[in-house]
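Since every read-out is calculated from the coordinates, none of them should be taken as a lab result. In this text the structure is predicted, and so the values were computed from the model without any measurement. In this analysis, Cβ positions are derived from the backbone assuming ideal geometry, glycine residues included, and neighbour counts consider all displayed protein chains.
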Amino acid sequence: MTSISLTEAGKRFNKDWIFRNLTFHFEVGKKYALVGNNGSGKSTLLQIIAGYSNLSKGSIEWKESDASSIYEQISIAAPYLELVEEFTALEQFKFHTQFKSISNVLSIQQMIDTVGLTDATHKQIRYYSSGMKQRLKLALAIFSDSPILLLDEPCSNLDKDGYTLYKKLIEQYAMHKLIIVGSNDTQEYEFCETQINLMDYKS
């Protein structure tokens with residue numbers, strides 16, 4: 001298992017600090033919500049934790065894990081992450097398994113069924129609605145066999161049934177993980193024990 005520690009962490013673009021002086025320890029198996037106004041740095045911090053971006057100041061440490069293989073420990077779902085439009089859902093899952101292990105709690109087809117994409121299993125993703133794509137992104141992240149789950153606005157493009165599905169997926173398949181949710185929607189992070197308001201780290 002991997003825990004994550006930030007020490008005096010800061011990120012800026014040009015001369016503008018998005019956040020700074022953030023020191024925090026994310027513990028194994030706990031649930032956290034990153035909150036704050038639009039532009040407060042929620043997505044940016046999640047990308048840093050995922051290893052997609054670097055800090056401008058301070059440090060991040062993935063404890064009990066080699067930083068070069070942290071991608072194996074972390075899965076992420078976010079609106080800005082792209083799927084391979086030419087793939088079907090089944091092909092996307094099989095492609096995903098080349099880089100990250102998938103939980104054996106269900107078969108790939110059962111995972112696709114669980115997120116309500118049974119009829120679209122063999123349809124190219126380019127023909128999916130935005131809601132269908134988000135369901136697939138959530139499935140790929142939540143069913144990945146990784147101890148850390150990052151969720152950036154996880155219910156983007158989802159309707160009421162999609163919100164219900166999201167909560168079910170978290171409750172049944174992800175509560176043993178370290179989860180960090182970036183959101184301003186309380187329905188997306190109501191299961192989190194701790195909130196970190198990034199507006200507190202602007203100076």
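About its Cα centre, the dipole of the chain is roughly 380 debye, where the only charges are +1 on Lys and Arg Cβ and -1 on Asp and Glu Cβ. Extending 7 Å from the Cα toward the beta-carbon at both LEU106 and THR118 defines two label points whose distance is 1.2 nm. Straight Cα distances below 15 angstrom link LYS63 to the aspartates and glutamates GLU27, GLU72, with same-chain residues fewer than 8 positions distant left out.
How high is the relative contact order of the range 3-201, given as a whole-number percent (alpha carbon pairs under 8 Å, six or more residues apart)? Contact order relative to length: 31 percent. Extending 7 Å from the Cα toward the beta-carbon at both LYS160 and GLN172 defines two label points whose distance is 2.1 nm. Length available on full extension from GLU86 to PHE99: 0.36 nm per residue minus the Cα-Cα distance, which gives 2.8 nm. Between the range 94-111 and the range 1-58, the C-alpha centres lie 29 angstrom from each other.
Normalised by the number of residues in the range 19-84, the average gap of Cα pairs under 8 Å and 6 or more apart makes the relative contact order 24 percent. Among the chymotrypsin sites (Phe, Trp or Tyr not before Pro) in the range 153-203, none is located in a DSSP loop while being surrounded by at most 10 other Cβ atoms within 10 Å of its own Cβ. Pairs of Cα atoms nearer than 8 Å and 6+ residues apart set the relative contact order; for the range 81-131 it is 57 percent.
Taking the range 3-201, how much of its Cα-Cα pair set, in percent, is spaced more than 25 angstrom apart? Above the 25 Å cut-off, the range 3-201 has 35 percent of its Cα pairs. The trypsin sites (Lys or Arg not before Pro) of the range 1-86 meeting both criteria, a DSSP state outside H, G, I, E and B (loop) and at most 14 other C-beta atoms within 10 angstrom of the site's C-beta, are LYS15. In this structure, the pairs whose alpha-carbon distance is over 27 Å, taken from LYS31/LYS168; LYS15/LYS42; LYS57/LYS100, are LYS57/LYS100. The DSSP beta bridges internal to the chain are antiparallel in roughly 45% of cases. Residues of the range 15-42 with amide nitrogen under 18 Å from the 7 Å Cα-to-Cβ point of SER5? From the range 15-42, the list is 21-30.
Between ASN37 and SER129, the FRET efficiency from the beta-carbon distance, with R0 = 30 Å, is close to 0.55.
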